[in-house]
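As structure tokens, the structure follows; a few thoughts come after it.
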């Protein structure tokens with residue numbers, strides 16, 4: 001995660017920024033008026049995963065030419081106040097429904113709910129065959145991405161869940177055929193069981209500026 005926080009003084013202060021801040025890291029702002037208290041309007045920009053959040057602090061006293069604060073205070077306050085306006089939940093009739101949204105869109109990030117080989121019309125698995133389930137799982141994911149104005153090559157991370165690792169090669173063949181030449185980061189996890197006779201499930205994250 002790349003983090004940068006920048007403070008600017010309204011009347012001539014020098015701006016200092018530091019990437020890679022830890023939770024307890026501090027930044028300081030040098031005021032143009034040294035050894036004096038001076039009012040300053042401060043603004044901060046949080047660059048998180050390559051996209052910016054802006055937050056205004058208003059009129060603030062700069063004491064002894066230094067203004068210090070904790071990253072954690074800014075991050076928590078910004079996410080709380082901006083989170084509701086930045087997040088939208090997407091559903092589509094072209095994917096199986098349930099007690100969840102099909103995707104949560106946060107800025108350019110799209111977090112897709114886990115999708116298995118369930119037919120959205122019958123809410124039953126299309127077949128007990130792993131190949132058919134994988135095809136349907138991918139079709140469900142693609143329908144959700146389309147509803148979020150995303151394309152398959154916007155996918156950045158996939159987690160594959162399998163109830164039997166002996167199915168790995170057959171799932172891979174269908175997966176590669178659907179996504180190639182795009183190869184997002186991926187993890188494969190063996191699980192003891194999945195709902196509704198599912199033998200596999202995909203958990204997908206995408207990134208697209210168009211979705212924000």
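Structure summary
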{"quantity": "For 102, 182, order by how many other beta-carbon atoms lie within 10 Å, fewest first", "calculated": "182, 102"}
{"quantity": "Fully extended contour minus Cα-Cα distance, from residue 86 to residue 170, at 0.36 nm per residue", "calculated": "26.4 nm"}
{"quantity": "Prolate/oblate/rounded call for the stretch 91-211, Cα gyration tensor, a/c under 1.5 rounded", "calculated": "oblate"}
{"quantity": "By average C-beta atoms within 10 angstrom, highest first, the peptides 146-156, 129-139, 188-198", "calculated": "129-139, 146-156, 188-198"}
{"quantity": "Potential lengthening between residue 97 and residue 129 on full extension [0.36 nm per residue; Cα-Cα distance subtracted]", "calculated": "9.3 nm"}
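Bear in mind these aren't lab numbers, they're just calculated from the coordinates by the rules spelled out. From a predicted model like this one, the values you see are computed outputs, not experimental measurements. Glycine gets a Cβ as well: all are built from the backbone with ideal geometry, and neighbour counts include every protein chain shown.
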